[in-house]
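The values are calculated or read from the model by the stated rules, or taken from the named source; none is laboratory data. Here the structure is a predicted model, which means the values were calculated and not measured. Glycine also receives a Cβ, built like all others from the backbone with ideal geometry; neighbour counts cover every protein chain displayed. The area values use the complete protein model at the heavy-atom level, side chains included, leaving out ligands, DNA and RNA. Shrake-Rupley method; radii C 1.70, N 1.55, O 1.52, S 1.80 Å.
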Amino acid sequence: MSSVEWLACAEPGSVEDVVLASRSLGATARPRFVESPDVIRWLAAERPGSIWALVGELGEGVSDVNAAAAMAADGTLRSVSLVRRGASGSLRSRAARAGIDLVIDPAELEPACAGEAPRKQLLRVEPPSAARVVPAPPPVKGRAPLIVFCSGRGGVGKTALAAIFAVVAASWGLSVSLLDLDLSCGNLYSCFGLPGGEDLTRLLSHGMPKGPVGAAACEGVRLSGPCDRPENAELAGPSLNGFICSQTSASDLVIADTSTTFTEATATAAQLADRLFIVSDGRPGSTAADARTGGLAVRLGIARTRIARLENRCDPRGKRRAQLHAEIGLEAARVFCAPDGGEEVAELLAAGRASQMTELGVPLADSVATMLAQVLAELGQLPEHDAAKRALEAGEPRKRSFFGRRKEARSA
């Protein structure tokens, strides 16, 4: 698998603006600056789909808008963002027509304090009359990645995937904070054989925690949520931003399961997420449900590069199901596929034995390991663990030669 890279071009006076913009989009390292937009285009042609491009003010010569538009027209970049102070509505409309993914005004980006919602807005590529939305805050240095699972309908396996992701991460030696943000009706605890979750209302009644909290789900995983009493869900909502931030400071990885509908808790977690997985399956109506969820995520100001689509219960020998429509703004979102776990996975989860998925070598757990390794590698957070490295290698495309099949036959 080609490594993901952030490349940028800008005149010296615009460099720090571009760095600030990259952080707001989830970059964990300073982007690599090249001498001209053409260098980015050449590199993208060699490694299509693996480069995020940011274009700042370029000074003399080609304009930044035209350079970004040319990159977008190539179709080889994963995402193209234009960084411009004082970006006007007409500029954003022009950028949208040219296919540029985002227009970012650095003046609108202010680092959010831990536990506080950002006060400024990320200027997205939308018509000037579009509703203004609040983006996710720029990532805080040293903060653990946050992975959030959501869906447009129930029964797609979202909760099971969240549990297995947590188990796999813990098997790599990571300290995982698992959050059940389906505050009224969540049952993530049942996957681990617990009688209930750690009541979020009670946790928050003692003030904002300064360390990891929650019930011990299995070795390396602590589970917080939902609320013991569904009627208390509204009481926990206003404090969730600070609570999630506290856990990203106290753990190596935070994974959040959410409700089927976009509640305040779901929206809060989604806006903070480093990766927002929109989970679907092949049932009739799933594409329309995902389109509604994806459209709402975009309107909430979540950068497309932070959104991933996860097609659950896929048949590895069948054709890939229909993708989300491009008009919802997720054409830059990556697609992952997870196989159907079958009765084996259903029985393990029903018995509260999610923690044994990796020990038993369940194929679904292997698939989850590959997805998690790829996401953490993209975020620069892949742990130094042999199993994590093997999972990343398992996701690399295999090069096939003319004599590939014959070599395999000889080695068999």
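Looking at Val19, Val15, Val55, can you tell me which residue is open to solvent by less than 70 Å² (accessible area, probe 1.4 Å) and closer than 16 Å to Ala70 by Cβ? Steps first, answer last, please.
Details: Val19 fails: closer than 16 Å to Ala70 by Cβ; Val15 fails: closer than 16 Å to Ala70 by Cβ.
Residue meeting the stated conditions: Val55.
Just need a number here: residues in the range 144-161 that are open to solvent by 10 Å² or more (accessible area, probe 1.4 Å) and not in a loop (DSSP other than H, G, I, E, B).
Let us first name the residues in the range 144-161 that are open to solvent by 10 Å² or more (accessible area, probe 1.4 Å), namely 152-155, 157-160.
Next cut, not in a loop (DSSP other than H, G, I, E, B) only: 158-160.
Going through the range 144-161 one residue at a time, the tally reaches 3.
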Item to check | Leading residue by the ranking (surrounded by the most Cβ atoms within 10 Å (Cβ to Cβ)) among those in the range 162-208 that are out of contact with any strand residue (DSSP E or B) (no Cβ under 6 Å at 6 or more places or on another chain) and farther than 22 Å from Ala233 by Cα | outcome: Ile164
Item to check | Test result for Val80, free of Cβ contacts under 8 Å to residues at least 40 places away in the same chain and crowded, with 22+ Cβ neighbours inside 10 Å | outcome: yes
Checklist entry - Name the residues in the range 255-269 that are buried (at least 24 other Cβ atoms within 10 Å of the Cβ) and touching a Lys or Arg at 6+ places or on another chain (Cβ under 9 Å), would you? => result Asp257, Thr258
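Here's a check for you: in the range 352-371, which residue that is in a helix (DSSP H, G or I) and touching a Gly at 6+ places or on another chain (Cβ under 7 Å) is surrounded by the fewest Cβ atoms within 10 Å (Cβ to Cβ)? Working first, answer last.
At the first step, the residues of the range 352-371 found to be in a helix (DSSP H, G or I) are 354-356, 363-371.
Those left that are additionally touching a Gly at 6+ places or on another chain (Cβ under 7 Å): 364, 370.
Numbers: Leu364: 22, Thr370: 20.
Once the filter is applied, the top-ranked residue is Thr370.
Do any helices (runs of 4 or more DSSP H) entirely within the range 167-283 hold 3 or more residues that are closer than 28 Å to Thr370 by Cβ, and if so, which? Before you say what the answer is, go through the steps one by one.
Numbers: elements: 200-205, 233-236, 240-250, 264-272.
Output list reads 240-250, 264-272.
Rundown of residues vs (1) under 18 Å from Ala27 (Cα atoms); (2) modelled with pLDDT of 50 or more; (3) not acidic (Asp, Glu), yes/no style:
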position: Asn66; (1), (2), (3): no, yes, yes
position: Ser81; (1), (2), (3): yes, yes, yes
position: Ser90; (1), (2), (3): no, yes, yes
position: Ala130; (1), (2), (3): no, no, yes
position: Ile147; (1), (2), (3): yes, yes, yes
Item to check | Answer residue from the range 372-412, given it is in a loop (DSSP other than H, G, I, E, B) and at pLDDT below 70 and is nearest to Arg309 (Cα to Cα) among those | outcome: Pro397
Next on the checklist: Anything in the range 218-242 that is in contact with a Gly (Cβ under 9 Å, 6 or more places away or on another chain), under 23 Å from Leu174 (Cβ atoms) and among the aliphatic types (A, V, I, L, M)? List them, or say none.
Outcome noted: Val221, Leu223
Checklist outcome for this item: Exactly one of Leu43, Leu54 is within 26 Å of Val298 (Cβ to Cβ) and free of Cβ contacts under 8 Å to residues at least 60 places away in the same chain, and that residue is Leu54
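Within the range 168-180, does at least one residue satisfy the condition of being β-branched (Val, Ile, Thr) and more than 23 Å from the chain's Cα centre (by Cα)?
Looking for residues that are β-branched (Val, Ile, Thr) and more than 23 Å from the chain's Cα centre (by Cα), one finds none in the range 168-180, hence no.
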Checklist entry - Which number in (1) open to solvent by less than 30 Å² (accessible area, probe 1.4 Å); (2) modelled with pLDDT under 50; (3) within 29 Å of Ala354 (Cβ to Cβ) marks the one condition that Arg124 misses? => result (3)
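Specify which of the listed residues (Arg292, Arg306) is surrounded by fewer than 16 Cβ atoms within 10 Å (Cβ to Cβ), modelled with pLDDT of 80 or more, of a type in the set (D, E, K, R) and touching a Gly at 6+ places or on another chain (Cβ under 7 Å).
Numbers: Arg306 fails: surrounded by fewer than 16 Cβ atoms within 10 Å (Cβ to Cβ).
Result: Arg292 is the single residue among Arg292, Arg306 that is surrounded by fewer than 16 Cβ atoms within 10 Å (Cβ to Cβ), modelled with pLDDT of 80 or more, of a type in the set (D, E, K, R) and touching a Gly at 6+ places or on another chain (Cβ under 7 Å).
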Checklist outcome for this item: If we ask which residues in the range 270-282 are touching a residue at least 60 places away in the same chain (Cβ under 8 Å) and either within 10 Å of the chain's Cα centre (by Cα) or open to solvent by 20 Å² or more (accessible area, probe 1.4 Å) (or both), their number turns out to be 9
Checklist outcome for this item: Condition set under 13 Å from Gly157 (Cα atoms), not charged (D, E, K, R) and not in a strand (DSSP E or B), scope the range 331-349, selection most open to solvent (accessible area, probe 1.4 Å): answer is Ala346
Item to check | Subset of the range 26-52 (residues that are among the hydroxyl-bearing types (Ser, Thr, Tyr) and open to solvent by less than 40 Å² (accessible area, probe 1.4 Å)) | outcome: Ser36, Ser50
